[in-house]
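The next block holds one structure in the form of structure tokens; read it before the comments.
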Amino acid sequence: MTARTAHLDQAVARALSGLSAAAKKGLGDPALAELVVIRASQLNHCAFCLDMHLGIARQHGVPERQLDLLAAWEEAGDVFDERERAALALTEAVTVLTDGFVPDEVYDRAARHFDGTALAHLIGLVVAINNWNRVMVGRRIPPGGYTP
Amino acid sequence: MSAQTTTTDTPTDTPAPTADGTARAAEHAPRLSWTERAPEVYKAMVRLDAAARRGLDPTLHELVKIRASQINHCAFCLDMHTKDALAAGESVERIVQLGAWEESRHFYTEKELAAIELTEAVTVLTDGFVPDEVYERAARHFEETELAQLIAAITVINAWNRFGVSTRMVPGHYQPGQHA
């Protein structure tokens, strides 16, 4: 598979990297950040992003068991703790906007586990990976191009 | 691009009554003032927005922003971008018909239609990929650099939509050009 176009304005790429970095730094939990980013990339079917972030997650020591069961986290018992589950539910709701809004119970559940600052950055991270997913899927960038 | 500057957690405005005096529903409050809680994230979004709009026709860009905001149900974004489009001389007719553009193609140019179609495909990723015919139609109307900017612009309005919807930003108070 080849990319439809490799073209991406450098200023756009830099700004997008800055957005991801700011969100990730403010969240302050690199392992959780990778779970969030991988889950959004699963929903958006971004092969490049999955390849890249599964690699990064392993570097951060995210357990293989979590990576294996991430797509079915709701049914995965205690593989994910309540804070991770709240973050994943919010990730899904913010990613799939076209079917409805972000439900109060999903938002409130996240707000119980994350203070306002962490929550704003968590939302920022979900937004940023959604943006990357679109940039990569839209141009059909093949997986494997990322080297940790 | 969007911004929420209020810090209020409670509705402040009494909604205006309708012409026959019937009260309207109460205005909701935003869930979170994300721009204040995450100022570096907001600054990065402003930089991203500025980078993605370069080289794009502003009229076409507003149509893209309105259509993505419709699909993502972002009330604040619709308030902002319809007002900006109208202020820039866009017609009410073209804005109204945008929600049914497939049946009102004669309101738009072929280039605009290709961009709107690509906007929908890049916005709704969870149902599938971006179809080849949609991408190729866009590629016939936009040269490579412009197409890359169009894709970037579509992704960025999607980003604003996600902030707007998840933090429940309140529509109705935007003034045209406020964040231009």
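We did not get these values from a lab; they are worked out from the coordinates using the rules stated. On a predicted model such as this, the values are computed, not experimentally measured, just so you know. No Cβ is skipped: glycine too gets one built from the backbone with ideal geometry, and neighbour counts run over all protein chains shown.
Working from Cα pairs under 8 Å separated by at least six residues, relative contact order for the stretch B:46-166 is 41 percent.
Test of understanding: ordering A:Thr98, B:Thr155 by Cβ neighbours within 10 Å, fewest first, what list do you get? Intermediate results must be reported in sequence, preceding the final value.
Numbers: A:Thr98 15, B:Thr155 25.
Sorted ascending by nearby Cβ count, the order is A:Thr98, B:Thr155.
Think of each Lys and Arg Cβ as +1 and each Asp and Glu Cβ as -1; about the Cα centre, that makes the dipole of chain B roughly 580 debye. Multiply the residue gap between B:Glu40 and B:Arg140 by 0.36 nm, knock off their C-alpha separation, and tell me the result in nm, one decimal place. Result: 32.2 nm gained on full extension. Long hydrophobic helices in chain A: the complete DSSP H runs spanning 15 Å or more by Cα along their own axis with mean Kyte-Doolittle hydropathy of at least 0.0 are A:10-27, A:30-43, A:47-59, A:116-139. Only helical runs count toward this figure. For chain A, summing -39,500 (n - 2.57) over DSSP H runs of n ≥ 4 and dividing by all residues gives -21500 deg cm²/dmol at 222 nm. A simple spin-label model places the labels of A:Gln10 and B:His173 4.1 nm from each other, with each point 7 Å out along Cα-to-Cβ.
Dipole magnitude of chain A about its Cα centre, charges +1 at Lys/Arg Cβ and -1 at Asp/Glu Cβ only, in debye to the nearest 20? Walk me through the numbers before you get to the answer.
Numbers: 14 positive and 18 negative charges, 167 e Å.
About 800 debye.
Distance from the alpha carbon centroid of the stretch A:48-96 to that of the stretch B:152-174 works out to 25 angstrom.
Kirkwood radius and radius of gyration were both taken over the C-alpha atoms of the protein assembly as shown, and their ratio Rg/Rh is 0.97. Kindly express, to the nearest 10 degrees and within the range 0 to 90, the angle between helix B:132-141's C-alpha long axis and the longest C-alpha principal axis of chain B. Taking Cα atoms only, the helix is inclined about 80 degrees.
With r defined as the distance between the Cβ atoms of B:His106 and A:Ile56 and R0 fixed at 45 Å, what FRET efficiency is calculated, to the nearest 0.05? Mind showing how you got there, number by number?
On the way: r = 49 Å, r/R0 = 1.08.
Efficiency, rounded to the nearest 0.05: 0.40.
Could you list B:Ile157, A:Ile141, B:Ile95 so that the one with the fewest beta carbons within 10 Å of its beta carbon is first and the one with the most is last?
Lowest to highest Cβ neighbour count: B:Ile95, A:Ile141, B:Ile157.
Measuring between their Cα centroids, the stretch A:98-122 and the stretch B:17-48 lie 15 Å from each other.
Give me a single rounded figure for B:64-74: the average over its residues of other chain Cβ atoms within 10 Å of their Cβ. Don't jump to the answer; show the numbers that get you there.
Details: counts 0, 0, 0, 0, 1, 0, 0, 2, 4, 5, 2.
Across B:64-74, the average partner-chain Cβ count within 10 Å equals 1.
Go ahead and run the numbers for FRET between A:Asp108 and B:Glu133, Cβ-Cβ distance against an R0 of 35 Å, rounding to 0.05. Display every interim value, and only then the final one.
Numbers: r = 42 Å, r/R0 = 1.20.
Computed FRET efficiency for A:Asp108 and B:Glu133: 0.25.
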